[in-house]
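Colleague: Here you go, one structure.
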Amino acid sequence: MANDNTRIGFIGGGNMASAIIGGLIRQGMAASNIEIVEPYEPQRAKLKEQFGITAQAEPGAALAGCELVVWAVKPQTFKDAAAQAKPHTGTALHLSVAAGIRSDSIARWLGTQRIVRSMPNTPALVGKGMTALFARDAVTAADKAQVERVIATTGEFLWVDEEKHLDAVTALSGSGPAYVFYFLEAMRQAGKEMGLTEQQAYKLAVGTFVGASALAQASNDPPELLRERVTSKGGTTYAATTSMDSDNVKAHFIKALHAACKRADELGNEFGA
């Protein structure tokens, strides 16, 4: 990004926008090439302190010079934000990181078909994000390449061919970090109940997730086989997994992911009118 003079605008300056902005700046993009619209004054102050960028309270003429506009707003505020920004963003490529809002709605609100919709997750804050991307037909190969350069600063990405698959992505990876944190809470509590300190239990739990994920990523073997290699018949792991199976933990977890997917679809219906 160091030799790229592209100007990028952000509508919304919260955590996900900050993750992308931080990645762009780490890759050499000049802060002066980034325009941010953030109505919340304390967040504007934070952006100024963190990146040296003076964010604007509302859209203005500066947005007109942005070749790419990133939409990092809450689903319930997207429509109103689009109405305010539309007069300044007619020629831009648009990238949405807002959960649930379908590209049909975004195209209607902004009056353009050059829209890429994405589903990132919060590990983007530390450059370890996983983002899925969907492009409307009007998005060119060059447009896709530009989006990839931006998203790659936050971690990994993949493209999906059908927009409806982003609901499943939301359930798996978009909401996924919360599931990991949920299990980390449980492991920390169990460790404390078994005599460890909270700090010891939490360090062991986090290190285990990091290591197991790295092993899975480095291996071509399916998770079932990786799990079996840790599990000796009648051993400690066997006792734990047998207990979870008897309580139908896997089935309940799968059910929870389906609930998240359903809710992602509902968000599009609720806020996409």
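Computed from the coordinates by the stated procedures, all read-outs in this text should not be read as laboratory data. These numbers were taken from a predicted model, which means no experiment stands behind them. Backbone-built Cβ (ideal geometry, glycine too); neighbour counts: all protein chains shown.
Colleague: Under 9 Å from the Cβ of A98, count the other residues' Cβ atoms, weight Lys and Arg +1, Asp and Glu -1, and hand me the total.
Modeller: +2
Colleague: Any idea what log10 I(q)/I(0) is at q = 0.12, 0.22, 0.28 Å⁻¹ for segment 99-166, Debye with uniform C-alpha scatterers and no solvent?
Modeller: Ignoring solvent entirely, the Cα scatterers give -0.30, -0.96, -1.26.
Colleague: Note down the nm distance, to one decimal, between modelled labels 7 Å out along Cα→Cβ at R263 and at A64.
Modeller: Placing both labels 7 Å beyond Cα along the Cβ direction yields 4.2 nm.
Colleague: With each run of n ≥ 4 DSSP H residues scored as -39500 (n - 2.57), what mean residue ellipticity at 222 nm is computed for the chain after dividing by its residue count and rounding to the nearest 500 deg cm²/dmol?
Modeller: -15500 deg cm²/dmol
Colleague: Most exposed first by the Cβ proxy, i.e. fewest other Cβ within 10 Å, how do S219, S18 rank?
Modeller: Fewest-to-most Cβ neighbours within 10 Å comes out as S219, S18.
Colleague: May I pose another question? FRET efficiency for E41 and T77, Cβ-Cβ distance as r, R0 = 22 Å, nearest 0.05?
Modeller: 0.85
Colleague: I'd like the distance separating the alpha-carbon centroids of segment 153-217 and segment 62-120, in whole Å.
Modeller: Taking the Cα centre of each part, segment 153-217 and segment 62-120 sit 30 Å apart.
Colleague: For the peptides 162-175, 140-153, what is the packing order when you average, over each peptide's residues, the other Cβ atoms within 10 Å and list the highest mean first?
Modeller: 162-175, 140-153
Colleague: Something else: If we count every other residue with Cβ under 12 angstrom of D143's Cβ, Lys/Arg +1 and Asp/Glu -1, where does the sum land?
Modeller: Neighbour charge sum, excluding D143 itself: +1.
Colleague: For G155, list long-range residues whose amide hydrogen, built 1.01 Å from N in the peptide plane, is under 5 Å from its own amide hydrogen.
Modeller: Distant-sequence amide H within range of G155: G129.
Colleague: When only alpha-carbon atoms count, how far does segment 176-268 stretch along each of its three principal axes, as whole angstroms with the largest first?
Modeller: Over segment 176-268, Cα extents along the principal axes are 45, 31, 30 Å.
Colleague: Let me ask another. Using a Förster distance of 41 Å, how high is the FRET efficiency between D161 and T91, based on the Cβ-Cβ distance and rounded to 0.05?
Modeller: The formula returns an efficiency of 0.95 here.
Colleague: Next up: Note down the net charge around A107, summing +1 for each Lys or Arg and -1 for each Asp or Glu among other residues with Cβ under 11 Å from its Cβ.
Modeller: +3
Colleague: Test of understanding: what is the full-extension gain from K233 to D137, defined as 0.36 nm times their sequence separation minus their Cα-Cα distance?
Modeller: The K233-D137 span can extend by a further 29.3 nm.
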